[in-house]
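The values are calculated or read from the model by the stated rules, or taken from the named source; none is laboratory data. No experiment lies behind these values; they were computed from the predicted model shown. Neighbour counts are summed over all protein chains in view; Cβ atoms, including those assigned to glycine, are modelled from backbone coordinates with ideal geometry.
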Amino acid sequence: MGKGRVSILRYNPESDSKSHYEAYEFPFEPGMSVLDVAFHIYENLDGTFSFSYCCRNSHCGLCGAIINGKAGLMCRESATQEMTLEPLRNLTVIRDLIVDRHEYERHKDSLRPFLDRVSIPEKEPEKIALDDLDRFKVASRCVECYSCVSGCPVVRENRYEFLGPAGLVQLARHAFDPRDELNREVVAYSAGVYNCTHCGQCNEVCPHEIAPAENIEMLRAQLVAKGRAPRVLNELIAMVRNTGKAITLPKNRKPFLDRDARTSNSKVGLFVGCNIDYDPRLMPIATAAVKVLQRLDVDLSIPSEQVCCGTPLKEVGALEQIKDLVVKNVEAFRKAGCTKVLTLCSGCGLGLKKLWPEVYRNATGQEVPLVVEDFTEFLAGLPWGKEGLKGLKLKVTYHDACSLRRGQGVHEEPRQLLRAIPELTFVEMAEADYCCGGGGGVRVTNFETAKRVLNRKLSFFKDLEVEAIVTGCPTCIKQLTMGLSLRQGRKVAVLHPAMIVAKAMGIE
């Protein structure tokens, strides 16, 4: 038996003006839970230490806390020899690790989160088709531990307009139940279902792997199917249907693909994405990427037939149109002879990796004949080193795009590239993977909420004194650039990794 040490954020409203940390030592045994440590402290070291628990088996959801910086259930998480415990965030702290759940639950309960029906069943027990059962049985596993609420950036900034992931999962549980007769689409709309940035924090911390963000997408799909989506999103859906792109092309401008598409029957293809193809501010990303790959002797195909990846439609709930987009894209790269596709957009990369295989399989009965890698993954895996890079005197930090860090698990590769550049100074920011507020369509459905989430993200940069922020998401680039342009002081550029590598190679 060894010794462990835990630092706990304590707060006693009767004597403390603010929270403070207190440290305790405990006898550490491999396999013990964090809740075991909490009980040892309460029973042997400090009887005033307060925390919640009930079942000790991850079914009641009461022992939620921030464990080493991440939300989880104390009964489910294994203790480590060095730990930090804090109360759940985005909820008012009553005492120590006990938080006030009532405000959140009153908001949720006002939206009738129970089976609501008028008609009388023909016979009991009722039979539910397996397909219908599959839709709501996952949501029914939610124990309302509020780990997802604790990590949600939108709840933090706008808890009155957004019910949050836990409440929307409870709503989904009944919206997907064929026995329920309440108009759940209207309820979901009023609960802020279109205020979710789809950052994936909730999916990452959910102890029962319910994937609240996916349930929110399915709720949105019900609104789209019944014609109740916001008008601006209906316009987006129509645009993709009519043009194959999720953004409009400025007047008197040519798309990147019109100028630089090429088919050379090569094994490596480049998926450009709507933003980079149509937005003149982002086109230099693709130009830089192509030049870098050429310098590295990568034979590249860029099929002109490629269209929207389908991710924007999935995020807003327009699922029916995705099949044609996916099939058209896969066939374009297959005909070009590609076996690997590189992406410059983290959202596109997530779609190609996670969305395309299932959609293409359902549409054709075949597997997608392509391996997909983010641009930084591909470069980090090549056998080239610093000899191909010149010095670049620049101080930068890196922002983890949600769809790249949490969606694809790509975290270290961009940092490897930055650290490999001579004379470049790379500094980590606090909460590098905190959402910038640009995803999930919130930029168009609730711009004020998107800005508030962005302002918190920008607060992590202000003391770093960097000259550039690097990120692999075009939407993040636009969002961060907008926020920085509204702030006075030294200008900070927002750059894609392809542009940084091109500069380091001396490519203009």
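Of the conditions (1) within 27 Å of the chain's Cα centre (by Cα); (2) at pLDDT below 95; (3) within 21 Å of Asp100 (Cβ to Cβ), Ile66 fails just one. Which one is it?
(2)
Hey, can you tell me all the residues within the stretch 49-68 that are surrounded by 12 or more Cβ atoms within 10 Å (Cβ to Cβ), out of contact with any helix residue (DSSP H, G or I) (no Cβ under 7 Å at 6 or more places or on another chain) and either outside any strand (DSSP E or B) or at positive phi (or both)?
Within the stretch 49-68, Ser50, Ser52, Cys55, Ser58, His59, Cys60, Gly61, Leu62, Asn68 meet the criteria.
Which residues, counting only those in the stretch 453-473, are outside any loop (DSSP other than H, G, I, E, B) and in contact with a Lys or Arg (Cβ under 9 Å, 6 or more places away or on another chain)?
If the condition is that a residue be outside any loop (DSSP other than H, G, I, E, B) and in contact with a Lys or Arg (Cβ under 9 Å, 6 or more places away or on another chain), then Val453, Arg456, Leu458, Ala468 are the ones that fit.
Table: residues versus (1) more than 20 Å from Ala213 (Cα to Cα); (2) at pLDDT below 95; (3) among the hydrophobic types (A, V, I, L, M, F, W, C).
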{"site": "Leu392", "(1), (2), (3)": "yes, yes, yes"}
{"site": "Tyr398", "(1), (2), (3)": "yes, no, no"}
{"site": "Cys435", "(1), (2), (3)": "no, no, yes"}
{"site": "Lys478", "(1), (2), (3)": "yes, no, no"}
{"site": "Gln488", "(1), (2), (3)": "yes, yes, no"}
{"site": "Val494", "(1), (2), (3)": "yes, no, yes"}
{"site": "Gly506", "(1), (2), (3)": "yes, yes, no"}
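Scan the stretch 93-110 and tell me whether some residue there is of a type in the set (Lys, Arg), surrounded by fewer than 20 Cβ atoms within 10 Å (Cβ to Cβ) and in a loop (DSSP other than H, G, I, E, B).
no
Identify the residue in the stretch 489-501 that is assigned to a helix (DSSP H, G or I) and β-branched (Val, Ile, Thr) and, among all such residues, is surrounded by the fewest Cβ atoms within 10 Å (Cβ to Cβ).
Only one residue fits best here, namely Ile500.
Go through (1) modelled with pLDDT under 95; (2) out of contact with any helix residue (DSSP H, G or I) (no Cβ under 7 Å at 6 or more places or on another chain) and name the single condition Ala318 misses.
For Ala318, the failing item is (2).
Among Asp36, Asp16, which is in the same structural domain as Gln81 (by TED's automatic domain parsing), over 35 Å from the mean Cα position of the chain (by Cα), of a type in the set (Asp, Glu) and not in a strand (DSSP E or B)?
From the options Asp36, Asp16, the qualifying one is Asp16.
Which count do you get for residues in the stretch 281-298 that are touching a helix residue (DSSP H, G or I) at 6+ places or on another chain (Cβ under 9 Å) and assigned to a loop (DSSP other than H, G, I, E, B)?
4
Which residues, taken from the stretch 132-150, are aliphatic (A, V, I, L, M) and surrounded by fewer than 18 Cβ atoms within 10 Å (Cβ to Cβ)?
Leu133
Which one of these is part of a loop (DSSP other than H, G, I, E, B) and over 27 Å from the mean Cα position of the chain (by Cα): Pro27, Pro113, Pro121?
Pro121
Can you pull out the residues in the stretch 247-280 that are in contact with a Gly (Cβ under 9 Å, 6 or more places away or on another chain), of a type outside the set (S, T, N, Q) and either under 23 Å from Cys476 (Cβ atoms) or not assigned by TED's automatic domain parsing to the domain that holds Leu319 (or both)?
Passing the criteria: Phe271, Gly273, Cys274.
Give me the pairs: first residue in the stretch 139-163 and in the same structural domain as Ala450 (by TED's automatic domain parsing) and among the aliphatic types (A, V, I, L, M), second residue part of a helix (DSSP H, G or I) and crowded, with 19+ Cβ neighbours inside 10 Å, beta-carbon distance under 6 Å, and six or more apart or on different chains, which are they?
Every condition considered, no pair remains.
Among the residues of the stretch 424-444, is there at least one that is under 21 Å from Lys503 (Cβ atoms), in a loop (DSSP other than H, G, I, E, B) and touching a Gly at 6+ places or on another chain (Cβ under 6 Å)?
no
Has the stretch 127-135 got any residue that is outside any helix (DSSP H, G or I), of a type in the set (A, V, I, L, M, F, W, C) and closer than 30 Å to Tyr21 by Cα?
no
Out of (1) more than 26 Å from Val453 (Cβ to Cβ); (2) crowded, with 16+ Cβ neighbours inside 10 Å, what's the single condition that is false for Gly31?
If we test Gly31 against (1) more than 26 Å from Val453 (Cβ to Cβ); (2) crowded, with 16+ Cβ neighbours inside 10 Å, just (2) comes out false.
Looking only at the stretch 164-204, count how many residues are more than 20 Å from the chain's Cα centre (by Cα), within 20 Å of Arg117 (Cβ to Cβ) and without any contact (Cβ under 8 Å) to a residue 60 or more places away in the chain.
8
Yes/no matrix, rows are residues, columns are (1) surrounded by 24 or more Cβ atoms within 10 Å (Cβ to Cβ); (2) outside the structural domain of Leu282 (by TED's automatic domain parsing); (3) farther than 29 Å from Val205 by Cβ:
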| residue | (1), (2), (3) |
| --- | --- |
| Met429 | no, yes, no |
| Ala432 | no, yes, no |
| Gly437 | yes, yes, no |
| Thr449 | no, yes, no |
| Phe461 | no, yes, no |
| Val470 | yes, yes, no |
| Lys478 | no, yes, no |
| Arg487 | no, yes, yes |
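Restricting the search to the stretch 463-508, which residues are over 19 Å from the mean Cα position of the chain (by Cα), among the basic types (Lys, Arg) and farther than 25 Å from Gln294 by Cα?
If the condition is that a residue be over 19 Å from the mean Cα position of the chain (by Cα), among the basic types (Lys, Arg) and farther than 25 Å from Gln294 by Cα, then Arg487, Arg490, Lys491 are the ones that fit.
Out of the residues in the stretch 199-217 that are in contact with a Ser or Thr (Cβ under 8 Å, 6 or more places away or on another chain) and either part of a loop (DSSP other than H, G, I, E, B) or hydroxyl-bearing (Ser, Thr, Tyr) (or both), which is nearest to Glu77 (Cα to Cα)?
Of everything passing the filter in the stretch 199-217, Pro207 is nearest to Glu77 (Cα to Cα).
Taking the stated definitions as given, is Glu77 of a type in the set (Asp, Glu) and over 14 Å from Tyr53 (Cα atoms)?
no
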